[in-house]
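Enquirer: One structure coming up, written as structure tokens, with questions to follow.
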Amino acid sequence: MKIKQIHTGKIIDEKEVIAVELYNDKGTLVSIYNYGTIISKFIVQNAKGEMQDIVLGFDHFDQYVNDEYLANYPYLGAIIGRYANRIKNGKFNIDGVDYQLAKTNGEDCLHGGFKGFDKKVWDIVSTSEEPNASVTFQYFSLDGEENFPGDLAVQLTFELTNNNELILTYQADTDEATPINLTHHSYFNLSPTLGQVTEHLHQMNASNYLEQDSNYVVTGKLIPVEGTYHDFRKGKIIGQNWNAEEGYDQTYVLDKTYGELTLASKTSEANSGLTLSIYTTEPVAHLYTAKYLNVKNGKGNQDYKEFDAFCVETQHHPNGINLPQFPSTLLRPDEVYSQVTIYKVGT
């Protein structure tokens, strides 16, 4: 196990951007910037013995903050907060008080507002090489940031094991009741030659998905996957019987006991022989096949286009702050927010 810190020299909000590299004894490398806790590299050995990077991103940090990239911003590899996915009309009510967030996606608020946790420089709290390579980042979100109430303290630990598991452990507490729904937005492609993920084999342990309105906002209605192209319970090729124009941008309710750490999804690709299994304590997983991806000069100067990746965003129900029938996304001062998500790579 080994850890390296690489100083970029880039200063944002009076803090230096640093890349923390985690290595295990198998040669697996995960690199994470303290800016947005962006997972910029996830390099593993595939079934052919080749070292392969399974996440989309850039070769240089400056590319993550340039104007061209931000103009069609896909949140490559970043944490999402305070609130992942969409909040209807950017509105919610806590204890009789109305709050209005910025409308950043049509009439709705997407991924925490204009400057969410993905655009913040996090503090590096601690690192360790034993028993596993790990780093803990921390961010203090002040009362009123993006119009959310309460001072919120968030910690996120990344731990890389010798079983090629990347364990993400989130914790947060607040001094005032506030909505919280955190996730991570890595774009995965398990093929050694990239290209569209239509031939990836995907399995999701979900008997229901969430109805969405025309702007992808969850309405509160559950729809059975039985008899629809959303049925991934037994596993199928992503491009099989899908809507070829839309792909997937859908939240699935996992078949599980709330709070248990269980398998959410498993994805594999024939040419690399790689599998990605995702475990989580969260109740839902949002599958996104990158319809709106349009990134120039990614790693190796490759352009990233629609359907060139898949995301599995483990979280609470989107818009859940407005849907009391779903597990609560409200954090109060006497509570601790916590979740665990594991990305496990195998062959």
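Enquirer: Over the alpha carbons of the chain, what is the largest minus smallest coordinate on each principal axis, giving the biggest first in Å?
Expert: That gives 59, 52, 39 Å along the principal axes, largest extent first.
Enquirer: Further, regarding this structure: Among residues other than H185 whose Cβ falls under 11 Å from its Cβ, what is the net charge (Lys/Arg +1, Asp/Glu -1)?
Expert: So the surrounding residues net to -2.
Enquirer: In addition: Name the residue from G239, V253, G57 whose Cα lies farthest towards the positive end of the charge dipole of the chain, charges +1 on Cβ of Lys and Arg and -1 on Cβ of Asp and Glu.
Expert: Towards the positive end, the residue furthest out is G239.
Enquirer: Now, a different point. Quick one: Kirkwood hydrodynamic radius for the range 61-117, alpha-carbon pairs, angstrom, one decimal?
Expert: Every distinct Cα pair counted, the radius reaches 12.4 Å.
Enquirer: If you don't mind, another one. Is the shape of the range 49-192 best called rounded, prolate or oblate, per the rule: a/c under 1.5 gives rounded, else a/b larger than b/c gives prolate, else oblate, with a ≥ b ≥ c the square roots of the Cα gyration tensor eigenvalues?
Expert: It is oblate, given that a/c is not under 1.5 and a/b is not larger than b/c.
Enquirer: Loop-only chymotrypsin sites (Phe, Trp or Tyr not before Pro) in the range 1-75, please: DSSP not H, G, I, E or B, and at most 10 other Cβ atoms within 10 Å.
Expert: Of the chymotrypsin sites (Phe, Trp or Tyr not before Pro), not one in the loops of the range 1-75 has a Cβ with at most 10 other Cβ atoms within 10 Å.
Enquirer: When the convex hull of the Cα atoms of the range 275-347 is projected onto a plane and the area is averaged over all directions, what value comes out in nm²?
Expert: Computed as one quarter of the Cα hull surface, the answer is 7.4 nm².
Enquirer: Dipole of the chain (Lys/Arg Cβ +1, Asp/Glu Cβ -1, origin at the Cα centre): which of V125, N208, A177 lies farthest to the positive side?
Expert: Sorting the options by dipole projection puts first N208.
Enquirer: Work out, step by step, the length gained on full extension between M1 and Q302: first 0.36 nm times the residue separation, then minus their alpha carbon distance; give nm to one decimal.
Expert: Stretched fully, the M1-Q302 segment lengthens by 105.3 nm.
Enquirer: From the Cα trace of the range 250-317, what convex hull volume per residue do you get, rounded to a whole Å³?
Expert: 106 Å³
Enquirer: Using the Cβ atoms and a cut-off under 14 Å, what net charge is assigned to the surroundings of M1, where Lys and Arg are +1 and Asp and Glu are -1?
Expert: -3
Enquirer: Still on this structure, please answer the following. Please compute the contact order of the range 166-277 in relative form: average sequence separation of alpha-carbon pairs under 8 Å and at least six residues apart, divided by the residue count, as a percent.
Expert: Averaging sequence separation for qualifying contacts and normalising by length gives 32 percent for the range 166-277.
Enquirer: Now for a separate question. Which value, in debye to the nearest 20, describes the size of the charge dipole of the chain about its Cα centre when Lys and Arg Cβ atoms bear +1, Asp and Glu Cβ atoms bear -1, and nothing else is charged?
Expert: Dipole magnitude for the chain comes out near 800 debye.
Enquirer: Name all residues of the range 35-57 having a backbone nitrogen under 20 Å from the label point set 7 Å from the Cα of E129 along its Cα→Cβ direction, giving them as ranges.
Expert: 43
Enquirer: Let me ask something else about it. May I ask you to compute the full-extension gain from I12 to E246, defined as 0.36 nm times their residue separation minus their alpha-carbon distance, rounded to one decimal in nm?
Expert: 80.6 nm
Enquirer: Hey, what number do you get for the chain at 222 nm if only DSSP H runs of n ≥ 4 count, each worth -39500 (n - 2.57), divided across all residues, to the nearest 500?
Expert: It comes out at -500 deg cm²/dmol, rounded to the nearest 500.
Enquirer: Stokes-Einstein D for the range 115-161 at 4 °C, 1.567 mPa s, Kirkwood Rh over Cα pairs, in µm²/s?
Expert: 109 µm²/s
Enquirer: Hey, if you drop one equal point scatterer on each alpha-carbon of the range 218-347 and run the Debye formula without solvent, what base-10 log of I(q)/I(0) do you get at q = 0.09, 0.10, 0.16, 0.18 Å⁻¹?
Expert: The computed values of log10 I(q)/I(0) come out as -0.32, -0.39, -0.97, -1.17.
Enquirer: What share of Cα pairs, in percent, lie more than 15 angstrom apart in the range 80-159?
Expert: When every Cα pair of the range 80-159 is considered, 61 percent fall beyond 15 Å.
Enquirer: Mind running the shape call on the range 139-247? Use the C-alpha gyration tensor, a ≥ b ≥ c as the square roots of the eigenvalues: rounded below 1.5 for a/c, prolate if a/b tops b/c, oblate otherwise.
Expert: Taking the square roots of the gyration eigenvalues as a ≥ b ≥ c, the range 139-247 is oblate.
Enquirer: Let me ask something additional. May I ask you to derive the relative contact order of the chain, considering only C-alpha pairs under 8 Å and at least 6 residues apart, and to give it as an integer percent?
Expert: About 17 percent, as a whole number.
Enquirer: Could you state the principal axis extents of the C-alpha atoms in the range 187-259, from the largest down, to the nearest angstrom?
Expert: Result, largest extent first: 39, 29, 25 Å.
Enquirer: Also, quick follow-up: If r is the Cβ-Cβ distance from V97 to L261 and R0 is 41 Å, what FRET efficiency results, to the nearest 0.05?
Expert: 0.75
Enquirer: Now a separate question. Quick check: at a probe of 1.4 Å, how many percent of the accessible area of the range 35-178 sits on carbon and sulfur atoms?
Expert: Within the range 35-178, the accessible surface is 44 percent carbon and sulfur.
Enquirer: Output the relative contact order of the range 213-347, whole-number percent, from Cα pairs under 8 angstrom with separation of 6+ residues.
Expert: Relative contact order here is 24 percent.
Enquirer: Going Cα to Cα from K305, which lysines come in below 16 Å? Please leave out same-chain ones fewer than 8 positions away.
Expert: List returned: K291, K296.
Enquirer: Mind ranking 224-237, 120-133, 303-316, 260-273 by how tightly packed they are, going by the mean number of other C-beta atoms within 10 angstrom, highest first?
Expert: 303-316, 260-273, 120-133, 224-237
Enquirer: If we count every other residue with Cβ under 15 angstrom of L330's Cβ, Lys/Arg +1 and Asp/Glu -1, where does the sum land?
Expert: Once positives and negatives cancel, what remains is -4.
The values are calculated or read from the model by the stated rules, or taken from the named source; none is laboratory data. In this text the structure is predicted, and so the values were computed from the model without any measurement. Note that each Cβ is placed from the backbone with ideal geometry, even for glycine, and that neighbours are counted across all protein chains shown. For the accessible areas, the whole protein counts, side chains as well, though only heavy atoms, and no ligand, DNA or RNA atoms are used. Shrake-Rupley method; radii C 1.70, N 1.55, O 1.52, S 1.80 Å.
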